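Novice: One structure follows; several queries about it will come next.
The values are calculated or read from the model by the stated rules, or taken from the named source; none is laboratory data. Every value quoted in this text rests on a predicted model; they were computed, and no experiment measured them. Ideal geometry is used to build each Cβ from the backbone, glycine not excepted, and the neighbour counts take in all protein chains shown. With ligands, DNA and RNA removed, areas are computed over all heavy atoms of the protein, side chains included. Shrake-Rupley method; radii C 1.70, N 1.55, O 1.52, S 1.80 Å.
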Amino acid sequence: MRLFHLTASTIFRRKAWAICAFAVVVLPFVLPLISTATERLSVVQPARIQAAWASVWVCTLLWGLYSAARQGEANSKSGLGEYFLTTGVSATRQWLEIWLAVMIFVIPLAILGTTICLLFAMPADPQERGMWWVMNLQYLTLFSLAIAPLLGLSIALASRFGGIVGFAATLCIAIYGLWGVGYIDRMLKLEPNPILHGIWQISPQYRWADLTQRLYFKSGAIEATRFWQLAAYFAGILAVYCGLSRLCFRVKSLS
């Protein structure tokens, strides 16, 4: 696991993760104070929830994907990939170790967001507290399953096509899956279109992993059967992206 330790140490020393952690911890308390939420105390906690998870998503999509792409590009361009290959570390293992090193900095951001929701936005009603724990753990699970394959794909694309391509491509996929497919869905409800329906069916539905509005309105935990269906769906995307990432990943730069 030498490459894992090297990658993790590199990310740690750049300190950008600290800025993200600071944003996730501080913004949920600062933003409601400078907004209209303070005029109605009943919306302070919902505003805190939105700020917490918005910070998690923004930090993950911008810093997380960028950091993954940067590490993938550095591994192929610096000669590290070739060096580790000569020591018996296969390309698959190199990709996996870089992926895990990035994940140990990204997933804690989601854990911080979940902790803030559990500690500082817990419903007052005792009967709702059990539901609140379940809903937050469901959100953490789906978020992790959704973001993990994007990080792996960013590493792989950057190793072959460069960091800018790796970051931009995965960011566009994430944004499309979070918001773009929603627009297609609304268009299909207004006017059925077989082509758009086909595009919608093969599109990654990352919006299903964003439970922020469900937390905001206290809509309750997702039914167990539905939750496991969503988990299986994102696990399937993870499997597909792992295959694509392995095909794209290079230990040696083309240039």
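Novice: To the nearest 10 square angstrom, how much accessible area does PHE161 have with a 1.4 angstrom probe?
Specialist: Surface open to solvent at PHE161 totals about 120 Å².
Novice: How high is the relative contact order of the chain, in percent, counting Cα pairs under 8 Å that sit 6 or more residues apart? Walk me through the numbers on the way to the answer.
Specialist: On the way: 315 pairs, mean separation 71.3, N = 255.
It comes to 28 percent, rounded to a whole number.
Novice: With the radius of gyration and the Kirkwood radius both derived from the Cα set of segment 17-145, what is their ratio Rg to Rh? Walk me through the numbers on the way to the answer.
Specialist: Working: Rg = 19.0 Å, Rh = 16.7 Å.
Computed over Cα atoms, the ratio is 1.14.
Novice: When ligands, DNA and RNA are left out and all protein chains stay put, how many square angstrom of accessible area per residue does the chain have with a 1.4 Å probe?
Specialist: Details: 12780 Å² over 255 residues.
It amounts to 50 Å² per residue over the chain.
Novice: For the full complex of protein chains and a 1.4 angstrom probe, list SER78, SER55 by accessible area with the highest value first. Before the final figure, lay out each step's value.
Specialist: Numbers: SER78 75, SER55 10 Å².
Ranked from most to least accessible, the order is SER78, SER55.
Novice: Now for a different question. Determine by what factor the alpha-carbon radius of gyration of segment 133-223 differs from 2.2 N^0.38 Å, reporting the quotient. Don't jump to the answer; show the numbers that get you there.
Specialist: On the way: Rg = 15.6 Å, N = 91, 2.2 N^0.38 = 12.2 Å.
Its radius of gyration relative to the 2.2 N^0.38 Å reference: 1.28.
Novice: How high is the relative contact order of segment 58-159, in percent, with contacts defined as C-alpha pairs under 8 Å that are six or more residues apart? Let's see the in-between values first.
Specialist: Details: 78 pairs, mean separation 52.6, N = 102.
52 percent.
Novice: What value, in deg cm²/dmol to 500, does the helix sum -39500 (n - 2.57) over DSSP H runs of n ≥ 4 give at 222 nm once divided by the residues of the chain?
Specialist: Numbers: 12 runs with 192 residues, N = 255.
Here the helix-only value at 222 nm equals -25000 deg cm²/dmol.
Novice: First compute the accessible area of segment 142-184 with a 1.4 Å probe, then give the percent of it belonging to carbon and sulfur atoms.
Specialist: Working: 1120 of 1340 Å².
C and S fraction of accessible area: 84 percent.
Novice: For ARG214 and TYR83, compute 0.36 nm times the residue count separating them, minus their Cα-Cα distance, and round to one decimal in nm.
Specialist: Working: separation 131, 0.36 × 131 = 47.16 nm, distance 4.79 nm.
Going from the current span to full extension adds 42.4 nm.
Novice: Shifting gears a bit: Roughly how much of ILE116 is accessible, in Å² to the nearest 10, using a 1.4 Å probe?
Specialist: Roughly 10 Å² of ILE116 is accessible to a 1.4 Å probe.
Novice: Does segment 191-245 come out rounded, prolate or oblate, given a ≥ b ≥ c as the square roots of the eigenvalues of its C-alpha gyration tensor, rounded meaning a/c under 1.5 and, failing that, prolate meaning a/b above b/c? Each step should come with its number before you reach the end.
Specialist: On the way: a/c = 2.26, a/b = 1.27, b/c = 1.79.
Oblate, since a/c reaches 1.5 and b/c is not below a/b.
Novice: How big is the charge dipole of the chain about its Cα centre, in debye rounded to the nearest 20, if each Lys and Arg gets +1 on its Cβ and each Asp and Glu gets -1 on its Cβ?
Specialist: Working: 20 positive and 10 negative charges, 117 e Å.
Around 560 debye, computed over the chain.
Novice: If you average the alpha carbon positions of segment 49-111 and of segment 202-218, how far apart do those two centres end up, in angstrom?
Specialist: Cα centroid of segment 49-111 versus Cα centroid of segment 202-218: 24 Å apart.
Novice: To continue, here is another question. Charges on Cβ only, +1 for Lys and Arg, -1 for Asp and Glu, centred on the Cα centroid of segment 187-255; of GLN205, ALA239, SER219, which one is farthest towards the dipole's positive end?
Specialist: In segment 187-255, that residue is ALA239.
Novice: If you take the charge dipole of the chain about its Cα centre, with +1 on Lys and Arg Cβ and -1 on Asp and Glu Cβ, which of GLY130, VAL44, LEU6 is farthest toward its positive end?
Specialist: LEU6
Novice: I would also like to ask the following. About its Cα centre, what dipole magnitude does segment 134-238 give when the only charges are +1 on Lys and Arg Cβ and -1 on Asp and Glu Cβ, stated in debye to the nearest 20?
Specialist: Values: 7 positive and 4 negative charges, 20 e Å.
Computed charge dipole of segment 134-238: roughly 100 debye.
Novice: Ok, one more. Largest first, how would TRP17, TRP63 line up by accessible area (1.4 Å probe)?
Specialist: Numbers: TRP17 70, TRP63 35 Å².
Largest to smallest exposure gives the sequence TRP17, TRP63.
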